[in-house]
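Input: a single structure, listed below in structure tokens.
The values are calculated or read from the model by the stated rules, or taken from the named source; none is laboratory data. Please read all numbers here as calculations on a predicted model, not as lab measurements. When we count neighbours, we look across all protein chains shown, and the Cβ atoms used for this are built from the backbone with ideal geometry, even at glycine. Ligands, DNA and RNA are excluded from the accessible area calculation, which covers all protein heavy atoms including side chains. Shrake-Rupley method; radii C 1.70, N 1.55, O 1.52, S 1.80 Å.
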Amino acid sequence: MSEPRRYRSDWRGAVQRLSADPRSVVAASVLLGLALLVAVGPMLAPHAPNAQLDITKLVHVPPSRAHLLGTDVYSRDVLARVLSGGRISLLFATSAVLVQTIVGTCVGLFAGLAGHRIDAIVMRGVDAGASVPRVLFLLALLAPLPHVPLWMLVLTVAFTGWFVTARLVRGEVRAIRTTEFVHAAHALGASRLRIAMRHLLPHVLGPVLVTSTLAVGHVIVLEAGLSWLGVGVQAPQASWGNIIADGTEFLSIAPWVSLAPGFCLVAVVLAASAFGDGLRDALAPGQLART
Amino acid sequence: MTATHTPPTDALLSLRDVRVTFRTADGVITPVDGVSFDIARGETLALVGESGCGKSLTALTILRLIDAPGRIEAGSRILFEGRDVLTLPDKELRSIRGRQAAMIFQEPMTALNPVYSAGEQIAEVVRTHTKASRSEAWTRAVAMLGAVGISSPDIRAKQFPHQLSGGMRQRVMIAMALVLGPSLLIADEPTTALVVTIQAQLLDLLREAQQARGASMLLITHDLGVVAESAQRVAVMYAGQIVEEAPVTALFAAPQHPYTEGLMAAMPRAGSRRERLTTIPGTVPPPGAWPLACRFADRCAYAWSRCTIEAPPLHQLGHGRTSRCHLVEEPARRVAAQATAGAAS
């Protein structure tokens, strides 16, 4: 007797459609390429990201053979800094999105399965949370603190970003929980938790994945913005946001300092949103046979 | 009145005076209004009636599957294998659902989860109720698919609902219901969504599976043809109440309630030369708009003044027969009405 194979026909179809879509393939290559680059790059870079090479002679050297992306006002190698900063920026974005997706999905599942009253209370809370301007809130929260460790920064960003996911999941669950197959599972003795994990979660996974991919682009910009405002990743640790911030003062004499991380940032955001769109299209046909 | 008599000891399932109410914007409605019946071990009871008469809701009460805003009223009693379903704690109730009493739904298209293969859905039922390992559950699922007449079950088990035909999907549903060997099957219009030829096959399958396991069945249908083939006893429901109950042969030989009579007259017969099918005039009134006395009076060919004044009780006729009609007390009126109808045509 053969073992059950743990595949979902829908997911297989989605992967096939995704790999047939040039936009998604390009976007995925850009994301993977950049991830690989920042993962191994710092080891290969000829200079340390924080090393001040020669503060008299090597300040604001334009891109050259020795310094592919030039140097900054402290004579640090911009390439080394962009690679090292990219690590932080990408790691920051993915971990924050991971946390906010998990929180949002749990809250959404809970509210979607709860009775009308609890659902209403939770979702009004979500509405309230979502109505607070995120950057302003984070600024107010983080600015008075002397030094915020990176993990705490990730958590604060994540806990202001789960509202959209919660709404999405809750809406999907509300729609699916009245379908016949959920009734059938109920009638065959499945508990609420079992129904949530085995029947509802697989159905919300697709849309959740799409929002999360799109959220990566959003959070990476948010991190850059916060770092630019001085409450994000703290110097001397590089991040794309604070490299751009450092460079803005000298934009007219050394534009390469801000341009290099800026270009990376734009590439990631565009790729993430293109991939998210592609994923949505790939998952849409027959993703849920709702009748 | 049967409403208060004590259930027979050999009954697997007994419903007594079951009442379901819904709170709506227009007030409280009672779509199931005092239903009582028994099902003996190994017996099939057919519950027959038009759409909207409350037969599906009645079936849902047995496993307490009524969702808000519906509620099963206090005073209702449901005994299953000697246990009072309506007061069981949730956990015990869940262990009955699917294991001792299993439901087969009407729509095999939507009652299967599109993201799981046929085998996984059956294995899921096994794993919900037993400590079987993944591979044990899978083995049982494949064996069960074979038992419900699916050829090459090990291949079919890996297919998803959209890759199976309607008939096969319903077989998967039946396999899910049978896999743990329940003592009661509740089949809510199990073949309505299927082609006629497949219907017959599946009814045979259900009957055989049920007889082989000595299980009882509550078969909900609006099709009297299905009743004649599959059931031993019939309960006819109209507007939330049981209006007639009888052994199947007796019912077909001589229906007592005018509504049953109308249902039978509406059945197309082979060899009949009538060009138009007979129908019962009007439709089932929605709950809340039911006539106060006899609920069938305004559609009844025999109705007279008493029918709009006094609600008929469920008369006991002996030999396990009941009828909720004043004609039981005034049989002469039936003869007279039939004579006039005969003279007119």
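Filtering B:27, B:82, B:34 for residues that are open to solvent by 60 Å² or more (accessible area, probe 1.4 Å), over 15 Å from the mean Cα position of the chain (by Cα) and more than 14 Å from chain A (Cβ to nearest Cβ) leaves a single hit, B:82. Take the residues of the range B:175-214 that are within 14 Å of another protein chain (Cβ to nearest Cβ), of a type in the set (Val, Ile, Thr) and within 18 Å of the chain's Cα centre (by Cα): which is surrounded by the most Cβ atoms within 10 Å (Cβ to Cβ)? Among them, the one singled out is B:186. The helices (runs of 4 or more DSSP H) located wholly in the range A:103-197 that include 1 or more residues which are in contact (Cβ under 8 Å) with a residue 60 or more places away in the chain occupy A:134-142, A:150-158, A:163-176, A:192-195. Reported count of residues in the range A:63-77, each being closer than 16 Å to residue A:252 by Cα and touching a Ser or Thr at 6+ places or on another chain (Cβ under 9 Å), is 1. Considering only residues of the range A:29-43 that are at pLDDT below 90 and open to solvent by less than 60 Å² (accessible area, probe 1.4 Å), which is farthest from the other protein chains (Cβ to nearest Cβ)? The selected residue is A:42. Against the test of being in contact with a Pro (Cβ under 9 Å, 6 or more places away or on another chain) and assigned to a helix (DSSP H, G or I), the options A:274, A:215, A:260 yield a single qualifying residue, A:260. The test for being under 12 Å from residue B:104 (Cβ atoms) and not aromatic (Phe, Trp, Tyr) holds for residue B:187.
Evaluate the range A:201-211: report whether one residue or more is within 13 Å of chain B (Cβ to nearest Cβ) and either open to solvent by 60 Å² or more (accessible area, probe 1.4 Å) or over 30 Å from residue B:130 (Cβ atoms) (or both). Yes - at least one qualifying residue is present in the range A:201-211. Only one of the numbered conditions (1) over 18 Å from the mean Cα position of the chain (by Cα); (2) modelled with pLDDT under 90; (3) closer than 22 Å to residue B:331 by Cα is not met by residue B:263, and that is (1). Quick check on my filter: what residues within the range A:14-25 are in a helix (DSSP H, G or I) and either open to solvent by less than 50 Å² (accessible area, probe 1.4 Å) or charged (D, E, K, R) (or both)? Hits for the range A:14-25 are A:14, A:17, A:18, A:23, A:24. Name the residues in the range B:102-134 that are out of contact with any strand residue (DSSP E or B) (no Cβ under 9 Å at 6 or more places or on another chain), under 20 Å from residue B:60 (Cα atoms) and more than 8 Å from chain A (Cβ to nearest Cβ), would you? Listed by number, the list holds a single entry, B:108.
Within the range B:318-335, the set of residues being open to solvent by less than 60 Å² (accessible area, probe 1.4 Å) and either under 19 Å from residue B:251 (Cβ atoms) or in a helix (DSSP H, G or I) (or both) comprises B:318, B:320, B:321, B:322, B:323, B:324, B:325, B:326, B:327, B:328, B:334. Pull out all pairs, ordered by first then second residue, where Cβ-Cβ is under 6 Å, the residues are six or more apart or on different chains, the first lies in the range A:74-99 and is more than 17 Å from residue A:44 (Cβ to Cβ), and the second is among the aliphatic types (A, V, I, L, M) and not in a helix (DSSP H, G or I). What qualifies is A:75/A:53; A:75/A:55; A:75/A:58; A:75/A:59; A:88/A:233. Among the residues examined, residue A:175 qualifies as farther than 27 Å from residue A:230 by Cβ, aliphatic (A, V, I, L, M) and open to solvent by less than 50 Å² (accessible area, probe 1.4 Å).
Rundown of residues vs (1) in contact with a Phe, Trp or Tyr (Cβ under 7 Å, 6 or more places away or on another chain); (2) small (Gly, Ala, Ser); (3) open to solvent by less than 50 Å² (accessible area, probe 1.4 Å), yes/no style:
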{"site": "A:12", "(1), (2), (3)": "no, no, no"}
{"site": "A:27", "(1), (2), (3)": "yes, yes, yes"}
{"site": "A:45", "(1), (2), (3)": "no, yes, yes"}
{"site": "A:62", "(1), (2), (3)": "yes, no, no"}
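For the range B:135-162, a residue qualifies if it is away from chain A (no Cβ under 11 Å) and either touching a Ser or Thr at 6+ places or on another chain (Cβ under 7 Å) or farther than 16 Å from residue B:178 by Cα (or both), and the qualifying residues are B:151, B:152, B:156.
Going by what's in this entry, would residue B:99 be described as within 9 Å of chain A (Cβ to nearest Cβ), open to solvent by 40 Å² or more (accessible area, probe 1.4 Å) and in contact (Cβ under 8 Å) with a residue 24 or more places away in the chain? So residue B:99 fits the description; yes. Among the residues of the range B:37-71, the ones that are more than 16 Å from the chain's Cα centre (by Cα) and touching a residue at least 12 places away in the same chain (Cβ under 8 Å) come to 4 in all.
Inspection of the range A:248-258 finds a residue satisfying the criterion of being surrounded by 19 or more Cβ atoms within 10 Å (Cβ to Cβ), aliphatic (A, V, I, L, M) and away from chain B (no Cβ under 14 Å).
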